[in-house]
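For reference, the structure is listed below as structure tokens.
Quick note: the coordinates plus some simple rules give every number you see, no bench work behind them. It should be emphasised that the depicted structure is a prediction, and the values quoted were computed from it without experimental measurement. Backbone-built Cβ (ideal geometry, glycine too); neighbour counts: all protein chains shown.
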Amino acid sequence: MEGIDGKKQPFIDLRHILEISDGTMSIVGLILNTLLLCLILFKSGERLKEYRRILLLNCIVDIIYNSANTVTRTASF
């Protein structure tokens, strides 16, 4: 591919970069949400008892979404 000045420009496949970053961030999200779930269940103090149900629901929904997103990744052509 040539630029405006006629010199060769490096080819950057943005779709491939997007696929790699999407897969990486999905896995990181699953790991961090699982860690958060364990912290909510076993390490939440008295001050967080009121918000425990909301935090659990949010964490579980995030885990379900990340799992579905990781499993059903579409290929870009």
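Calculated FRET efficiency, Ser21 and Arg52, Cβ-Cβ r, R0 22 Å, to nearest 0.05?
0.10
Using all alpha carbons of the stretch 14-70, what is the percent of pairwise distances in each 5 Å bin, ordered from the shortest bin to the longest?
Going from the shortest bin to the longest, the percentages are 4, 20, 23, 19, 13, 9, 6, 4, 2, 0.
Each label point is 7 Å from the Cα along the Cα-to-Cβ direction; what then is the distance between the points at Ser67 and Leu14, in nm?
3.4
By count of other Cβ within 10 Å, fewest leading, how are Cys59, Cys38 ordered?
Ranked by crowding around the Cβ, least crowded first: Cys38, Cys59.
When the helix-only estimate is applied to the chain (DSSP H runs of n ≥ 4, each -39,500 (n - 2.57), divided by the residue count), what is the mean residue ellipticity at 222 nm, nearest 500 deg cm²/dmol?
Dividing the helical sum by the residues of the chain leaves -23000 deg cm²/dmol.
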